[in-house]
Amino acid sequence: MKTRHFLTLLDLTPQELQQVIARATVLKAMRNSGEIYEPMKNKVLGMIFEKSSTRTRVSFEAGMAQLGGQAIFLSSRDTQLGRGEPVEDSARVISSMLDIIMIRTFEHEKLELFARYSKVPVINALTDDYHPCQLLADMQTYTEHRGSIAGKKVVWIGDGNNMCNSYINAARQLDFQLVVACPKGFEPDSTLCAANADRVTIVRTPQEAAKDADLIVTDVWASMGQEEEQKERMEKFVGYQVSPALMDLAHEDAIFMHCLPAHRGEEISEDMLDDPRSVVFDEAENRLHAQKALMEFLLPANNS
């Protein structure tokens with residue numbers, strides 16, 4: 001059987017994505033009821049981190065343990081990847097000893113190269129271009145709170161970053177309309193926008209975007225690796241804060257998401273995370289369940 005990877009949402013069919021999202025909710029219910037489910041005994045997940053993380057590490061490590069397997073944490077300081085060994089050589093060696101690998105790194109091309117030479121499934125746990133695992137959790141969260149997202153209006157406010165790019169892929173795969181509100185010069189990937197012009201619209205004001213929205217999402221204004229741009233970005237993104245007042249422009253049953261960590265007083269108002277329309281902490285927990293469902297999909301029990 002051909003090795004399947006999860007580098008972007010486009011690596012799964014729309015039907016497979018729906019299957020993984022639905023399975024995540026089932027696995028969540030099983031865990032919450034105390035049911036032991038360990039299909040991955042004797043399986044080992046390698047976790048390669050060139051970018052640090054809280055939620056990604058905890059969710060993958062805990063998820064693999066709950067599935068009965070084990071996880072090995074590898075930082076760039078712990079591997080030859082950080083010392084100049086060719087990515088393809090590292091991929092061949094590491095994948096010969098593990099059953100599944102997740103990578104959190106900078107260049108998306110490095111992830112693609114690693115996957116090309118890997119003997120086992122590779123999961124994108126974030127690159128500069130995409131963050132598909134977060135989208136699995138976001139879509140699971142929306143479905144649990146409001147049902148199908150097909151045909152809905154989703155609004156992205158802020159930087160057209162890796163999360164925004166992944167929302168474009170989600171719009172294509174799960175059939176919703178995406179409106180992006182961002183300052184000039186901070187648009188999402190132009191090729192992606194052009195390929196999805198039938199469902200992606202770019203506007204300049206959050207107020208215009210938020211009208212009649214079903215879901216409003218944002219992220220920090222300066223991501224990891226952009227610290228030097230912090231001051232400039234703070235100036236450019238003035239007026240792009242999500243607040244309860246902005247949410248009032250959306251549909252009455254609209255909800256708010258943020259992948260965290262959040263900077264209160266910057267991209268969100270001080271009180272936004274505590275607003276009853278915020279499902280941010282459900283969204284964060286669902287990283288655990290969505291990634292368990294993803295690993296189960298990529299590494300089915302019949303491969304044991």
The correct count of residues that are in contact with a Ser or Thr (Cβ under 8 Å, 6 or more places away or on another chain) and closer than 17 Å to His145 by Cα in segment 222-262 is 4
Scanning segment 206-220 for residues that are over 10 Å from Trp156 (Cβ atoms) and polar (S, T, N, Q) gives Gln207
Within segment 264-289, restricting to residues that are in contact with an Asp or Glu (Cβ under 9 Å, 6 or more places away or on another chain) and part of a helix (DSSP H, G or I), the one that is nearest to Ile216 (Cα to Cα) is Glu283
Only unsatisfied item for Phe297, checking (1) touching a residue at least 60 places away in the same chain (Cβ under 8 Å); (2) surrounded by 21 or more Cβ atoms within 10 Å (Cβ to Cβ); (3) hydrophobic (A, V, I, L, M, F, W, C), is (2)
| task | Return a yes/no flag: does segment 117-126 have any residue that is without any contact (Cβ under 8 Å) to a residue 40 or more places away in the chain, out of contact with any strand residue (DSSP E or B) (no Cβ under 9 Å at 6 or more places or on another chain) and within 30 Å of Arg31 (Cβ to Cβ). | result | no
Of the residues in segment 272-294, those that are charged (D, E, K, R) and crowded, with 24+ Cβ neighbours inside 10 Å come to Glu283, Arg287, Lys292
Selection from segment 252-263 of residues surrounded by 16 or more Cβ atoms within 10 Å (Cβ to Cβ) and part of a loop (DSSP other than H, G, I, E, B) yields Ala254, Cys259, Leu260, Ala262
Taking segment 17-61 and keeping only residues that are surrounded by fewer than 16 Cβ atoms within 10 Å (Cβ to Cβ), closer than 29 Å to Asp128 by Cα and more than 16 Å from the chain's Cα centre (by Cα), one is left with Gln19, Ala22
(Q) Can you confirm whether Leu12 is within 14 Å of Leu294 (Cα to Cα) and touching a His at 6+ places or on another chain (Cβ under 9 Å)? (A) no
Here the qualifying pairs (Cβ atoms under 7 Å; residues six or more apart or on different chains; first in segment 256-278 and among the polar types (S, T, N, Q); second modelled with pLDDT of 95 or more and assigned to a loop (DSSP other than H, G, I, E, B)) come out as Ser269/Gln241; Ser269/Ser243
Going by the structure shown, is Ser190 closer than 26 Å to Thr143 by Cβ, out of contact with any Phe, Trp or Tyr (no Cβ under 7 Å at 6 or more places or on another chain) and of a type in the set (Ser, Thr, Tyr)? no
Test: residue in segment 236-245 that is charged (D, E, K, R), on the phi < 0 side of the Ramachandran plot and in contact with a Leu (Cβ under 6 Å, 6 or more places away or on another chain): no
Within segment 121-145, the residues that are crowded, with 24+ Cβ neighbours inside 10 Å, β-branched (Val, Ile, Thr) and out of contact with any Phe, Trp or Tyr (no Cβ under 9 Å at 6 or more places or on another chain) are Thr141
Of (1) at pLDDT 95 or above; (2) exposed (fewer than 15 other Cβ atoms within 10 Å of the Cβ); (3) farther than 30 Å from His5 by Cα, Ser269 satisfies every one except (2)
Given the conditions (1) part of a loop (DSSP other than H, G, I, E, B); (2) crowded, with 21+ Cβ neighbours inside 10 Å; (3) out of contact with any strand residue (DSSP E or B) (no Cβ under 7 Å at 6 or more places or on another chain), every one holds for Leu246 apart from (1)
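The values are calculated or read from the model by the stated rules, or taken from the named source; none is laboratory data. Computed from a predicted structure; not experimentally measured. Reconstructed Cβ throughout: ideal geometry from the backbone, glycine too, with neighbour counts over all protein chains shown.
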